[in-house]
1. May I ask you to say which residue of W279, W294 is open to solvent by less than 20 Å² (accessible area, probe 1.4 Å), among the aromatic types (F, W, Y) and part of a strand (DSSP E or B)?
2. Could you please tell me which pairs satisfy a Cβ distance under 8 Å, a separation of 6+ or placement on different chains, a first residue in segment 233-254 that is under 18 Å from A219 (Cα atoms) and touching a residue at least 24 places away in the same chain (Cβ under 8 Å), and a second residue that is open to solvent by 50 Å² or more (accessible area, probe 1.4 Å) and of a type in the set (V, I, T)?
3. Could you check segment 253-268 and list, in sequence order, the residues that are in a loop (DSSP other than H, G, I, E, B) and under 19 Å from W203 (Cβ atoms)?
4. In segment 360-385, what residues are within 25 Å of E303 (Cα to Cα) and in contact (Cβ under 8 Å) with a residue 60 or more places away in the chain?
5. Just checking, does segment 76-89 include any residue being of a type in the set (A, V, I, L, M), in contact with a Pro (Cβ under 7 Å, 6 or more places away or on another chain) and open to solvent by 50 Å² or more (accessible area, probe 1.4 Å)?
6. Do you know which residues across segment 237-252 are surrounded by 14 or more Cβ atoms within 10 Å (Cβ to Cβ) and outside any loop (DSSP other than H, G, I, E, B)?
7. For segment 168-178, does any single residue satisfy the condition of being open to solvent by less than 30 Å² (accessible area, probe 1.4 Å), at pLDDT 95 or above and touching a helix residue (DSSP H, G or I) at 6+ places or on another chain (Cβ under 6 Å)?
8. Restricting attention to segment 126-177, report how many residues are assigned to a loop (DSSP other than H, G, I, E, B) and polar (S, T, N, Q).
Amino acid sequence: MLFKSPIVLATLVLAAGASSVPRAADPLEPIKLTAPDGSAMANFIPFGATTTNFWVKDKHGKFRDILLGFDNKTLYPSQADGHPYFGPIIGRYSIRNGTFTIPISKDAAGPGKKFQITENENNGTDTLHGGIVGYDQRPWTVLKQSSNSVTFSLLDPNGDQGFPGTAITTVDYTLEAKSTWKISINAIASELTPIMLSGHHYWNLEAYQETQDLVGHIAQFGASRIITTDGHLIPTGELTPVGGTPLDFRKAKSIGGSINATAAAMYCGTGCVGFDNCWIYDHNNAKDPVFSIWSVNSGIKLEVTTNQPAVQIYTCNFIFNPQVPIPRKADQGGPNEVYADHSCVVIEQESWIDAINNPEFGVNQIYGPSRPYNWESSYVFSVLK
């Protein structure tokens, strides 16, 4: 049975119980979508509700797959070539020390009921992307599908990874005319619980055809502050102004050309060069594009409209591991070539990171039966004039 509203579906499933949710027959079976006007194409798999390929036209009118991933789909669950979080929905939440309280308190010091979540980052001291088995490592159910749209659903049981409440999440991927990709993520939970989801997509707008770096990638977005983090990229509760730093993208500039300037301040963590930061949008009406990035080489441009208040940008600082190098896709120069540090960029539209341990942010990320979660973004691709 299909339901028009993901929240209606989630409510009914919660009422019926977990046993009523079917499982995907083959979580690695590709699902191909095409925009009605043929301007964009994309592939998805139910495992992690993952986007595995995304094709748009360059300035020469030729399609390029500008999304990083694995040609061998068995690598998504096996992690034999590492666990880079290529293209999935990530969740339920990333947490300092894997702890929080409800009601929230500073660094889970209380009062409030304390919860301990599975820790899988920084030598087992923090929780990244929901724990050891986050949303990216689970098979999602295909609820409905058409030539240009697919809806996935995931039931996250009460207590899994330590989170309270059973949560139902749906994600709708739709390709529309004029190279427009709309993503809608909705969730509802049976108990109060933190939820912060996003799509974790790695982009190279050149598909590695012209260069192997981000120097030709130009970005612009209105954000005058980032969330201050420590050497493990854990928020401190403070905000850092970007003025006079390499973090200032209020005027268009090269991403790759700004990376070396980050070395002294180590904005992306101890010993790190590059970006892995959460910028707070100064103004976002959720109706107009708030983030832009383009390649001067391929001519491909991306503009993002979102209802989220922040954006996380990661410049693939440690994607290359000499012990386990990740081969590029065949149409990105692989498999003999591998994905190199600072050769790609992850762009996550999101809320303020770890707000549940920093009440001074004033951001409510606790959801439940009477407060559903909603994430909306529209990615519009075009060609530079």
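The values are calculated or read from the model by the stated rules, or taken from the named source; none is laboratory data. Because the structure is a prediction, the values reported are computed rather than measured. Every residue, glycine among them, receives a Cβ derived from its backbone with ideal geometry; neighbour counts consider all protein chains shown. Calculation scope for accessible area: heavy atoms of the full protein, side chains included, ligands and nucleic acids excluded. Shrake-Rupley method; radii C 1.70, N 1.55, O 1.52, S 1.80 Å.
1. Sole residue among the options that is open to solvent by less than 20 Å² (accessible area, probe 1.4 Å), among the aromatic types (F, W, Y) and part of a strand (DSSP E or B): W279.
2. S254/V215
3. Of all residues in segment 253-268, those in a loop (DSSP other than H, G, I, E, B) come to 255, 263-268.
I255, C268 - these are the residues of segment 253-268 that are in a loop (DSSP other than H, G, I, E, B) and under 19 Å from W203 (Cβ atoms).
4. Looking only at segment 360-385, we keep the residues that are within 25 Å of E303 (Cα to Cα), and these are 373-385.
Across segment 360-385, the qualifying residues are Y373, N374, W375, E376, S377, S378, Y379, V380, F381, S382, V383, L384.
5. No, that holds for no residue.
6. Across segment 237-252, the qualifying residues are G237, L239, T240.
7. Looking through segment 168-178, at least one residue is open to solvent by less than 30 Å² (accessible area, probe 1.4 Å), at pLDDT 95 or above and touching a helix residue (DSSP H, G or I) at 6+ places or on another chain (Cβ under 6 Å).
8. Here is the first cut: in segment 126-177, the ones assigned to a loop (DSSP other than H, G, I, E, B) are 128-134, 138, 140, 146-148, 157-159, 163-166, 177.
Then drop every residue that is not polar (S, T, N, Q), which leaves 146-148, 158, 166.
Here the count works out to 5.
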